[in-house]
Amino acid sequence: MLTAILLGFLFALFLVFAGKFFKGKLAVVSSIIPLSLFIYFASFIPRISSGEVIRRTYEWVPSFGVNLGFSLDGLSLLFSLMITGIGFLVYVYTSTYLKNHQYLDRFYAYLSVFMGAMLGLVLSDNIISMFVFWELTSISSFFLIGFNNTSEASRKSALTALGITGFGGFSLLAGALLLGSMAGTYSITEMLSMKEALAGHEFYILAVIFIFGAAFTKSAQFPFHFWLPGAMKAPTPVSTYLHSATMVKAGVYLLMRFTPVLGDTNFWNTTLISVGAITMLYSAVHTLFRTDLKGVLAYSTISALGILVFLIGLGSQGAFLAAAVFIIVHALYKATLFLVTGVIDLQSGTRNVTVLAGLRKVMMPVAVAGILAAISSAGIPPSIGFLGKELTYEASTHSTGLVIVIVAAIVLTKILLLYAGFVAGIKPFTGKLPEKFSEVKMPGPLMWVPPLLLAILGIVFGIFPALIESSLVKPVVTALSKDASDIHLALWHGFNTVLILSIITIVVGILLYLFLKPSEKLENRIGKLEPVSPESILKKLTYFFAVFSKFWTNVFQNGYLRNYVTTIVLFLVILVGYIFIGNSRLVIDHTQLSQITAYELAVTIILIGGVFYTVFTRSRIGAVAAMGVVGLAICLLFVFYSAPDLAMTQFSIDTLTVILFVLVLYRLPKYLVLSDYKMRIRDGILSLTFGGLISLLALQVLAEPVNSDIGDFYAKNAYLMAHGKNVVNVILVDFRGTDTLIEISVLAIAAIGVYGLLKLRVKSSDRPN
Amino acid sequence: MEILFAIIIGVLYAAGIYMILRRSLVKLIIGIILLGNGANLLIFLLGRISEGAPPIIPEESKVFLEAYADPVPQALILTAIVISFGLQSFAIILVKRAHKVVKTDDLDEMNATDEDS
């Protein structure tokens, strides 16, 4: 199973080196990859439908409990077959659609990475590895949307999609970690047995919100839906594959996968029903106002995703059944419509529904595919779409709560979707062929066979629902609700409420299609609502965020050294001061202290006097000289307190620094008074507080016991091991010899820097005037 | 004497920070030097100071017979003094260079990056 998942990635890697062989006529050969995967997964159907769940576990990061655990149950199988099956057709289709495109190999590589990631996502049993694959689908989607990287709109849409789904990925990670800590495991299978404990956990709501955040962004639910219409900038095969059949269903998959773990609570069901209902209605209404074929399809896809989320929210076995069937229905007809749109776009050069008409005369097979798909999407018997619609209505009429509202919402959505399906699948082929399309040619067979195949499958499954009943649908319902024995799919359900609703839908939908013609006028009308759409609101938020961060940066990163220093010191003073005042009582044990002699006092006075002169003098040379005095006074302190080596070093370094200073600064102008009185007072108070705090801290530390084990070790062994009697020297040149060597190199580098700066000649052009 | 030491350290820290907060580059360097001295003395004090007991093993003996000052802080400070000299000399030359090029000693006139100008 790991090989199956990695195959896509390996093929992508292979294309990096062997890409040029796959650009020409050989391109179609690459479709062997999804085809073989499809056969591989199809071979599991008998085992899965008998109720078996196939598991494989590979260790990845065992110390964190992150394993590559994969499990194949009915739900995963359905998705795997969709990914590889539609993937195969898309691979075939692309070989003609992007014929002789200079980056065709790149395109196949992205597609393969996506396919591998998507398979990994639906097969993962471990939430962390699921998250990794989830992110990989977002990333490959980013590259595919932005495939036409010379167009600015493409790049922008790609970024929007990545931003929204990336946010969702972050949310998934947060949810995964939270669930992991709540359940003590990252394995979804193991979580199944802790359903009650998880639902009663104090963080249950939070975890569910994170999972929702991931699912809603990926599956384009309101108010995160707007990235999907933008993603239609991608080449049509991508729209077919990622943004209608597979990737956008990842969110739905996530919700279904977690239904047995987190589902069946009030919060879970209510949220899903309301978000699903809003999404399906909102975007179904939007389809009325689109003139771009892909725009119509994008909004109807969002609407379909809304229906799925809504069905999962209903939470009954019937709803799961409806969802499982509807996933198949939607994948079949929507992929067909997208592929048909691609053909129309490529051959006629436009996707504008207001001008497209009569194309059946030039491309009959494509027209058949489009019309069959439209029938399935409309739910007209004998298509499988009819079955999906009946089951959906059945589930809604049997729901609890506001049945009338729920049924009304779903019926309205279905009516609008029928309209959308007809616009996309029938409108371009009917009517009189306009003059300008008379030259339009029939595409190659590799482009019209895939959509036709999918469309016919949609009808075949409708007539013989037994084909998918026990092989695909039942295992999905089993994965969601344990018991699925009494499921029976049939086209004819008898004469009942559901059938009446169905008839109403079809009649009203067809009337709507006949009377409402898509036009630019309508599209412009909805454009007026743009400023209050979620997309514009998000854009404004990002803009304000940018403004705010700019302001924030200017406050803290303002380029003035003294402001940085002030911030740091102030923070330190307040924080340390607060802790210090709150927690400690200053104790000074006078018996422990050494006596003050007269000469020490004298040195101290000289030192402090020197410091004051350094700070307050107006003369630069005076300040440097006073600084030298301070250094020498410190040198004397070292002498008094048993540090002869320090005294010698301090003496020589201090002298050198003063000499250097005087030599260099001799020619500089006098100090200018640059700051006003107020600023000096403010800085003075700040520095005095800081100095006082350091003094107090020093005294406080002195009250603590000291540990001199290390010093004792060196003192004991200085002569015995290193044969030196000056312990400080022995430490520096022997015990810590390497450190000293490195220190010498630092000095050498500084010396090179100094030399370089002295020798550097500034070109006159670099000099500011 | 420890109290006196603590006061000296406080004064050095205060003076160092005050000088760093000035706009003049020369004052900035002086501030860094004063702050460095304060830090050295702080380490010295916290290693406990003792009079008349340098960490040097007497001529006739192989190990210490009497009390001695802790050699570890001293080694640390010695390193610090030398390294800070490297920093100071580099900074001083840099100021000289900067003054030659931009003709100012004022930090506020130097805070534009290449992008701004």
Shape call for chain B, from the Cα gyration tensor axes a ≥ b ≥ c (a/c under 1.5 means rounded, otherwise prolate when a/b beats b/c, else oblate), comes out prolate
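Using a 1.4 Å probe on the protein heavy atoms, what percent of the accessible area of region A:600-674 belongs to carbon and sulfur? Don't skip to the answer; put the middle values down first.
On the way: 2710 of 3500 Å².
Within region A:600-674, the accessible surface is 77 percent carbon and sulfur.
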Apply the Karplus curve 6.51 cos²θ - 1.76 cosθ + 1.60, θ = phi - 60°, to the phi angles in region A:443-449 and return the couplings in whole Hz, x for Gly and Pro. x, x, x, 5, 9, 9, 5
Show me, for region A:87-95, the HN-Hα J-couplings you get by feeding each phi into the Karplus relation (A = 6.51, B = -1.76, C = 1.60, θ = phi - 60°), rounded to Hz, glycine and proline as x. x, 4, 5, 5, 4, 4, 4, 4, 4
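From the protein chains alone at 1.4 Å, what is the descending order of accessible area for A:T354, A:T604, A:T96, largest first?
Values: A:T354 55, A:T604 5, A:T96 30 Å².
From most exposed to least exposed: A:T354, A:T96, A:T604.
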When ligands, DNA and RNA are left out and all protein chains stay put, how many square angstrom of accessible area per residue does the protein assembly as shown have with a 1.4 Å probe? 44 Å²
With a 1.4 Å probe and all protein chains in place, put A:R562, B:R22 in order of accessible area, largest first. A:R562, B:R22
Cα-based Rg (one decimal) and Dmax (whole number) for chain A, in Å? 37.4, 115
Taking Lys and Arg as +1 and Asp and Glu as -1, residues besides A:A323 with C-beta under 14 Å from its C-beta add up to +2
Shape call, region A:600-674: gyration tensor on alpha carbons, a/c limit 1.5: oblate
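Average partner chain C-beta neighbours within 10 Å, per residue of A:633-642? List each step's numbers first, then the result.
On the way: counts 2, 8, 0, 0, 8, 7, 1, 4, 13, 14.
Counting other chains' Cβ atoms within 10 Å and averaging over A:633-642 gives 6.
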Chains B and A together, accessible area buried on both sides, 1.4 angstrom probe, square angstrom: 8400 Å²
Take peptide B:22-30, look around each residue's Cβ out to 10 angstrom, count Cβ atoms belonging to other protein chains, and average those counts. 6
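Grab the beta carbon distance between A:I749 and A:I574, set R0 = 45 Å, and tell me the FRET efficiency rounded to 0.05. Could the numbers behind the result be given before it?
On the way: r = 37 Å, r/R0 = 0.83.
It comes out at approximately 0.75.
How much of the accessible area of region A:707-769, in percent, comes from carbon and sulfur atoms when a 1.4 Å probe is used? Please list the in-between numbers first.
Details: 2660 of 4400 Å².
Carbon and sulfur: 60 percent of the exposed surface of region A:707-769.
Quantify, in whole percent, the carbon and sulfur part of the accessible surface of region A:81-200 (1.4 Å probe; protein heavy atoms only). Please report the intermediate quantities before stating the final value.
On the way: 2520 of 4060 Å².
Taking all protein chains in place, region A:81-200 shows 62 percent carbon and sulfur surface.
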Formal net charge of residues neighbouring A:I510 (Cβ-Cβ distance under 15 Å; K, R +1; D, E -1): +4
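Can you tell me which of A:242-250, A:399-407 comes out highest on packing, and rank the rest after it, using the mean Cβ neighbours within 10 Å? Intermediate values should be presented prior to the final figure.
On the way: A:242-250: 27.1, A:399-407: 14.0.
In decreasing order of mean packing, A:242-250, A:399-407 become A:242-250, A:399-407.
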B:I29 accessible area, assembled protein chains, probe 1.4 Å, Å²: 10 Å²
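Around A:I596, under 14 Å between beta carbons, what's the net of Lys plus Arg minus Asp minus Glu among the other residues? Write down the numbers at each step before the final one.
Values: positive: none; negative: A:E600, B:E2, B:E51.
Its environment carries a net charge of -3.
Placing +1 at every Lys and Arg Cβ and -1 at every Asp and Glu Cβ, with all other atoms neutral, what dipole size does the protein assembly as shown have around its Cα centre, in debye to the nearest 20? Mind showing how you got there, number by number?
Working: 61 positive and 50 negative charges, 772 e Å.
My answer is approximately 3700 debye.
Sorted by average packing, counted as other Cβ atoms within 10 angstrom per residue and highest first, what order do A:499-509, A:643-653 take?
Details: A:499-509: 16.7, A:643-653: 20.0.
Descending mean neighbour count gives A:643-653, A:499-509.
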Magnitude of the charge dipole, region A:707-769, Cβ model with Lys/Arg +1 and Asp/Glu -1, debye to 20: 520 debye
Let me know the shape class of region A:371-514, please: from the alpha-carbon gyration tensor, a ≥ b ≥ c as square roots of the eigenvalues, rounded when a/c is under 1.5, otherwise prolate if a/b is greater than b/c, or oblate. oblate
Please list A:K23, A:K521, A:K361 from largest to smallest accessible area, probe radius 1.4 Å, with all protein chains kept in place. A:K521, A:K361, A:K23
By the DSSP-based rule, helices of chain B that are at least 30 Å long along the axis (C-alpha) and have a mean Kyte score of at least 0.0 are B:25-46, B:71-102
Rounded to one decimal in nm, the spacing of the 7 Å Cα→Cβ label points at A:V662 and A:S549 is 5.3 nm
Counting only residues 5 or more places away or on other chains, whose amide H sits under 5 Å from the amide H of A:D125 once H atoms are built in the peptide plane? A:G69, A:F70, A:S71
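For chain A, what is the calculated [θ] at 222 nm in deg cm²/dmol (nearest 500), taking -39500 (n - 2.57) for each run of four or more DSSP H residues and dividing by its residue count?
The helix-only estimate for chain A comes to -23000 deg cm²/dmol at 222 nm.
Using only atoms on other chains, find how many Cβ atoms lie within 10 Å of each Cβ of peptide B:84-97 and report the average. Please list the in-between numbers first.
Numbers: counts 2, 9, 9, 3, 6, 11, 7, 2, 8, 10, 3, 4, 8, 6.
The shielding value for this peptide is 6.
The values are calculated or read from the model by the stated rules, or taken from the named source; none is laboratory data. Everything quoted here is computed from the prediction, not taken from an experiment. A quick note on method: Cβ atoms are made from the backbone with ideal geometry, for glycine too, and the neighbour counts reach across all protein chains shown. Accessible surface is based on the protein model in full, side chains and every heavy atom, while ligands, DNA and RNA are left aside. Shrake-Rupley method; radii C 1.70, N 1.55, O 1.52, S 1.80 Å.
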